[in-house]
Each structure stands twice: as structure tokens, then as C-alpha cells.
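The values are calculated or read from the model by the stated rules, or taken from the named source; none is laboratory data. The model shown is predicted, which means the values in this text are computed figures rather than measured ones. Quick reminder, even Gly has a Cβ in these numbers, built from the backbone with ideal geometry, and neighbours come from all protein chains shown.
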Amino acid sequence: MSGSAVRVRFAPSPTGSLHIGSARTALFNWLYARKTGGTMVLRIEDTDAERSTAESYEAIIEALQWLGLDWDEGPIKGGAYGPYVQSARSVLYHNEVERLLASGQAYHCFCTPDELEEVRKEALAAGKPIKYDGRCRLLPAEEVAARVSKKIPHVVRFRVPPGSTRFRDIVRGELEFANEELDDFVIRKSDDRPTYNFAVVVDDVKMKISHVIRGDDHLPNTPKQVLMYRAMGYALPKFAHLSMILGSDRTRLSKRHGATSIQEYRRLGYTPDGLVNYLAMLGWSADDKTEFFTRSALIEKFSLKRVTKNPAAFDVEKLDHINSMHFVRLPPLEKVSLVYDRLVSEHIVPPDFGVDEWSECRAVQEPADAGKLSDESFRAEAPRLGVIINVMGQRLRNVAEAATRLAYFYKDDYPRNRDAYVKHLSGPEVPDRLDAVAEALATIETFKRTEIESAVRALAGRLGVSAGDLIHPCRVALTGDEVSPDLFAVIHLLGRRKSVERLRKAA
RNA sequence: GUCCCCAUCGUCUAGCCUGGACUAGGACACCGCCCUUUCACGGCGGCAACAUGGGUUCGAAUCCCGUUGGGGACGCCA
């Protein structure tokens with residue numbers, strides 16, 4: 001095995017859903033692995049017995065899968081350096097703690113949480129650094145042995161040496177921390193589990209992680225970890241600390257800024273590619289212009305060297321924009337399927353949507369591979385929906401819009417824009433015109449888009465009005481709004497019966 | 001409070017390392033015009049930034065220091 005092989009890891013703790021910020025961290029790790037032909041490891045950090053839940057674990061796995069961020073080693077996949085769940089790695093941590101204890105680089109501490117809290121409060125009140133004072137450092141060996149054998153609850157602390165700790169960060173360059181700012185932190189809790197800082201180091205070593213790419217909220221942990229690598233005699237990985245993602249007001253991204261989990265964005269109708277593209281732009285750029293990236297382009301262009309240092313504010317409008325670029329480029333059948341599911345879940349399309357209720361044009365264009373789909377009602381509607389989506393074109397920017405913008409194709413209680421009614425349907429001349437159009441539609445021979453258009457334009461000529469004088473009121477009468485795709489296509493897709501019915505009703 | 005990180009249009013960013021080609025480029029949003037039966041898309045144009053003070057230098061967005069502002073970390077959470 002080559003010592004220079006790239007191995008990165010994403011190490012979430014299963015204490016909630018996959019957050020936007022964590023997803024970005026996962027993405028950058030993934031991109032780096034895919035870019036370099038390295039290995040992506042997924043490790044579950046569940047050393048907090050209290051807060052870790054199976055639901056969170058499931059949610060995170062599912063969100064990663066949905067985003068298309070796959071891993072080469074980890075839960076489900078397995079791998080040579082497992083197990084990949086920290087709660088199953090106790091013996092590894094235990095051995096390393098014993099080694100540190102034996103070499104005197106760690107020691108037992110019997111201070112109770114209450115005592116420590118006391119000390120912390122005092123320090124805060126006195127305006128001093130909040131840190132453990134190292135009072136158990138000097139406990140004689142016999143005393144320690146006695147207390148341990150008496151099963152007095154205790155933790156193990158790392159003995160921080162004097163001096164300072166330097167390391168290099170790929171994003172930030174050379175960094176130095178004074179060790180006196182660090183206190184003798186806990187590496188093994190009284191329940192015998194390792195703490196995060198310790199488990200991370202042991203796992204990253206044992207899993208041969210070459211690059212630690214994580215959020216910069218971990219920066220203050222890094223000197224502690226560096227110290228432990230050295231104390232245990234292991235080589236350092238390379239570090240890359242990513243800036244945080246902030247809310248629109250530049251404070252920590254939280255619920256009050258809107259959706260914060262990947263799951264929520266999924267429900268809102270964003271596509272994985274759109275979300276991934278946007279997330280990649282938060283803290284990274286390929287050059288001064290490009291910002292639309294397919295997944296493979298992202299992999300091809302990605303580089304840790306071009307990661308920015310300053311924190312980025314999450315901007316939903318930009319997300320919408322990037323997402324829409326991906327949405328409009330979706331393969332037709334995929335888009336149809338996505339929109340269809342949305343329409344059903346929003347109750348726009350009833351599950352048993354009528355066989356010949358609306359469509360004289362249902363069979364106009366059979367998507368080539370619609371036959372592959374097994375859902376019968378989908379197969380029945382896919383051709384017409386495909387045409388609808390086609391005429392909607394770029395007007396349909398995401399799945400979420402489908403429910404409101406396509407409703408009038410499927411049911412009669414679609415949204416109505418009051419202003420549009422007032423503007424286009426309130427004139428005294430309107431009823432006659434609508435009736436005339438209805439009559440024309442009822443009598444033309446072939447109900448095709450082009451025929452419909454010439455019939456309406458001819459009618460306008462006979463009435464001595466402009467085509468627009470007929471088109472605008474018809475659009476409102478048929479769709480409930482003054483905004484829609486090409487009116488003649490809409491009429492065609494609505495079908496003769498519905499079109500005539502709505503025009504007469506509005507007249 | 002202590003320590004750390006960061007600082008270019010409202011927002012995401014390019015440029016910074018390796019000072020000069022920067023009257024600071026692109027994108028989102030916003031505004032105007034064009035296209036068009038409406039809207040969207042598209043095209044064209046506009047608005048809009050080097051936080052601040054001091055150095056270094058012939059020359060600073062770019063290098064150094066201070067200030068200010070923002071963020072993070074200070075747990076037997078991760």
C-alpha cells in the first residue's frame with residue numbers, strides 16, 4: 001500500500017439530520033477523493049451515548065445517498081479498517097489510552113463535574129482563561145492505584161507539554177498555538193468511552209487518513225490532536241479547515257434562517273445536482289467565471305488550493321438560480337417523473353387521474369421509454385405531462401413550482417389571480433369575445449395547435465380586433481392568470497371540451 | 001473574559017502567495033431596453049466593493065503592524 005494514497009473521511013455524529021454545513025464538508029472530502037482517485041471513508045462518531053440515535057444515523061446515510069456522495073469504506077460498504085462506528089472500536093481506544101498512561105503522557109483525574117464547574121465559574125468571574133488547573137497531575141502513583149481499585153469515578157487526561165504547537169493547514173497556511181492556552185483535556189470519560197478529540201486521532205491514524213478536511217470550528221481542536229499524534233508517535237495527516245457557512249445575516253446558520261438540513265431541501269424540491277453545485281460554490285471557485293458545474297466537471301476542476309478562507313453566507317436566491325439551471329437540463333423522462341410525483345403528492349393529480357377526462361391530445365407524443373415505467377397511472381399521463389413540461393420550457397424552474405403553475409391542466413380549482421381577472425375579464429365586450437372563441441374552438445375540425453391558432457386569428461380579423469384582444473382574456477379564463485405558456489398550446493393540451501367549458505363559464 | 005480565525009459590490013466570488021497590464025472581472029438579486037400574444041428564458045446596458053489608520057515601496061486590493069467589525073473555540077458534546 002502506497003504511503004501517499006489519498007484517504008479522506010467524513011465523520012458525522014448521529015445526533016441530528018445532515019446539516020448544510022456538514023454536507024458541504026462531506027462534499028469537499030468526496031470531491032477531493034474522487035479528484036485524486038483516493039478513498040472516501042464514512043465513519044460514525046457516536047461516542048456520545050446520550051445523544052446518538054439510530055434515526056439520525058439513518059437520516060444522515062439517506063441524505064448522503066440522495067446527494068450522491070458515495071463512500072468507499074464505511075457502514076454498509078465495510079472495508080479493511082473497520083469497524084466504522086466508534087462505539088464498536090472501544091478496544092482500540094483503550095489500548096492507546098493505556099500506552100499514554102504508561103508513558104506518563106496521560107494521567108487519572110478524580111475531580112467531579114461539580115468541582116470543575118466551580119473552578120470554571122471562578123475563572124470566568126476573575127476574567128482568567130477557563131481551563132482545568134491540573135490539580136490531579138501530581139497525585140502519587142499509590143494514591144491513584146488505590147482510588148482506581150476502589151472504583152472511584154475518574155477520567156483520564158492528556159498531559160499537555162509546555163511550549164507551542166505548530167502545524168500547516170492547506171487552507172490557512174502555517175498556524176501556531178501556545179500550549180499554555182490548552183488545558184489537560186479529557187481523553188477518556190468516566191463511562192470509559194473516549195472523548196471526541198482522542199477517538200478522532202486514533203481513528204484517523206488507524207484508518208490511515210491522509211487528509212483531514214473538516215469545518216473550521218475544529219481549528220482550536222487541532223493543536224490538541226497534533227499533540228496526541230506526537231505523543232503516540234504517529235505521523236501527522238494534512239489538515240484543511242473549511243470556513244463555516246453563515247446565515248443571510250452572517251450569524252451562525254440556524255433554523256431561523258430557514259431550512260438547514262439536506263432533508264428539508266430535498267422536500268422543497270431541489271435536485272441533488274443543483275444542491276451539490278451550489279454547496280461547492282460556497283467556499284470554492286474554479287476560476288473567475290464558471291459557476292454551473294455538472295458533477296463530473298466539479299470533480300475535474302476541484303482543488304483544495306482554491307478553497308476560500310472567509311466564511312460564506314447561504315443565499316437561497318442563488319441556490320434557486322443554480323438549481324434551476326440543473327432542473328431545466330434534466331433528461332425529459334426524469335423531469336416528467338419528478339414533476340408527476342410532485343403533482344400527486346400535492347394532490348394536483350389524483351392517483352386515478354381520469355382516462356379520457358381531459359385529453360384529446362394525450363397520445364400526441366409518447367416518450368420513447370415511458371414503457372419502462374411500471375406505474376400505470378403515470379404511464380397514462382406521462383405523454384401529456386411531457387408535452388406540458390415541454391411547452392412550459394424554462395418557465396418551470398423547479399419541481400416546487402409545478403404544483404401551482406400546472407394546476408389548471410389538472411383540475412378546475414386552480415389558483416386564480418384576481419388582478420388578472422379585473423384587468424382582462426371585466427370589460428363589457430369580453431363575454432361576446434369569449435363566446436366567439438368558444439364557438440370557434442367547438443367547431444374547428446382538427447383540434448391541433450396550429451389549427452387553433454389560425455382559427456383564433458381569423459376570428460380576430462372578422463371581429464376587427466387584434467389577436468391580443470382575444471388572447472389575453474382567453475388566457476385568464478383558461479388558466480386563471482395572465483401568465484402562461486403559448487396560449488394555443490395551452491388550449492390544445494387542455495383539450496376541446498375543457499377549453500370550451502371554461503370559456504363559456506367565464507363569458 | 002481568554003485564545004484563534006476571517007475581512008473585495010447587499011450576497012457568492014476572481015484578483016492577493018509571485019506588488020505595476022485593476023479606470024477591480026464574473027454571477028445572484030435589483031433597474032432599464034430588446035425579443036414576444038402574456039410571463040419566463042435569452043440578448044444588451046445600468047446600479048454597486050478593495051472596512052479603517054499607519055507603514056514598506058517609484059508604485060499596494062495585493063506585503064507588514066495597529067484599530068474596528070464579524071465568526072469560532074474555550075464540556076466527562078462532537
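The residue of segment A:112-134 that is nearest to A:LEU182 (Cα to Cα), among those that are outside any helix (DSSP H, G or I) and touching an Asp or Glu at 6+ places or on another chain (Cβ under 9 Å), is A:LYS131. Could you please let me know if A:ARG384 is in contact (Cβ under 8 Å) with a residue 60 or more places away in the chain and over 17 Å from A:LEU487 (Cα atoms)? So A:ARG384 fails the test. Here is the figure for segment A:141-192: residues that are among the β-branched types (Val, Ile, Thr), over 30 Å from A:TRP284 (Cα atoms) and surrounded by 17 or more Cβ atoms within 10 Å (Cβ to Cβ) total 6. The set of residues in segment A:388-414 being more than 30 Å from the chain's Cα centre (by Cα) and farther than 22 Å from A:GLY468 by Cβ consists of A:PHE409, A:TYR410, A:LYS411, A:ASP412, A:ASP413, A:TYR414.
One line per residue, one yes/no per condition, for (1) touching a helix residue (DSSP H, G or I) at 6+ places or on another chain (Cβ under 7 Å); (2) under 29 Å from A:HIS321 (Cα atoms); (3) not hydroxyl-bearing (Ser, Thr, Tyr):
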position	(1), (2), (3)
A:ARG379	yes, no, yes
A:ALA382	yes, yes, yes
A:ILE388	yes, yes, yes
A:GLY393	no, yes, yes
A:ASN398	yes, yes, yes
A:ASP413	no, no, yes
A:PRO431	no, no, yes
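Taken over segment A:108-127, the criterion of being within 8 Å of RNA strand B (Cβ to nearest atom) and surrounded by 10 or more Cβ atoms within 10 Å (Cβ to Cβ) is satisfied by A:CYS109, A:PHE110, A:CYS111, A:THR112, A:PRO113, A:LEU116, A:ARG120, A:ALA123, A:LEU124. The test for being closer than 20 Å to A:TRP30 by Cα, part of a helix (DSSP H, G or I), small (Gly, Ala, Ser) and more than 16 Å from RNA strand B (Cβ to nearest atom) does not hold for A:SER337.
For segment A:306-354, the set of residues classified as among the small types (Gly, Ala, Ser) and in contact (Cβ under 8 Å) with a residue 12 or more places away in the chain consists of A:ALA312, A:ALA313, A:SER324, A:SER337, listed by residue number.
Listed by first and then second residue, the pairs linking a residue in segment A:438-449 that is within 10 Å of A:GLY495 (Cα to Cα) to a residue that is assigned to a loop (DSSP other than H, G, I, E, B), with Cβ atoms under 6 Å apart and 6 or more places separating them unless they lie on different chains, are A:PHE447/A:GLU360. Would you check if A:GLY468 is at pLDDT below 95, away from RNA strand B (no atom under 12 Å from the Cβ) and farther than 29 Å from A:VAL349 by Cβ? So A:GLY468 does not fit the description; no. Segment A:443-496 holds helices (runs of 4 or more DSSP H) entirely within its bounds, and those carrying 1 or more residues that are of a type in the set (Ser, Thr, Tyr) and within 38 Å of the chain's Cα centre (by Cα) map to A:467-479. Checking each residue of segment A:308-318 against the condition of being more than 30 Å from A:ARG256 (Cα to Cα), modelled with pLDDT of 90 or more and aromatic (Phe, Trp, Tyr) gives no match. Residues in segment A:146-186 that are within 9 Å of RNA strand B (Cβ to nearest atom) and touching a strand residue (DSSP E or B) at 6+ places or on another chain (Cβ under 6 Å): A:HIS154, A:VAL155, A:ARG157, A:ASP169, A:VAL171, A:GLU174, A:LEU175, A:GLU176, A:PHE177, A:ALA178, A:PHE185, A:VAL186. Selection over segment A:413-428 of residues that are loosely packed, with under 11 Cβ neighbours inside 10 Å and part of a loop (DSSP other than H, G, I, E, B) gives a count of 3. Residue-level analysis places A:SER190 among those that are closer than 15 Å to A:THR112 by Cα and among the small types (Gly, Ala, Ser).
Please give the number of the condition A:ASP419 fails out of (1) over 26 Å from A:ARG395 (Cα atoms); (2) under 40 Å from the mean Cα position of the chain (by Cα). Exception for A:ASP419: condition (1). Is it fair to say A:ASP288 is within 16 Å of RNA strand B (Cβ to nearest atom), over 24 Å from A:GLU381 (Cα atoms), of a type outside the set (A, V, I, L, M, F, W, C) and modelled with pLDDT under 95? Yes, satisfied.
Note on segment A:204-217: among residues that are within 13 Å of RNA strand B (Cβ to nearest atom) and more than 18 Å from A:ARG230 (Cβ to Cβ), the one that is surrounded by the most Cβ atoms within 10 Å (Cβ to Cβ) is A:ARG214. Can you tell me which residue within segment A:348-404, out of those that are basic (Lys, Arg) and modelled with pLDDT of 90 or more, is nearest to RNA strand B (Cβ to nearest atom)? Selected residue: A:ARG395. Annotation note: Cβ proximity below 9 Å between a residue of segment A:46-74 that is under 19 Å from A:ASP203 (Cβ atoms) and free of Cβ contacts under 8 Å to residues at least 12 places away in the same chain and a residue that is of a type in the set (A, V, I, L, M) and within 16 Å of RNA strand B (Cβ to nearest atom) (sequence gap 6+ or interchain) occurs for no pair.
May I ask you to verify whether A:SER13 is among the small types (Gly, Ala, Ser), farther than 25 Å from A:ARG188 by Cβ and not in a helix (DSSP H, G or I)? Criteria not met by A:SER13.
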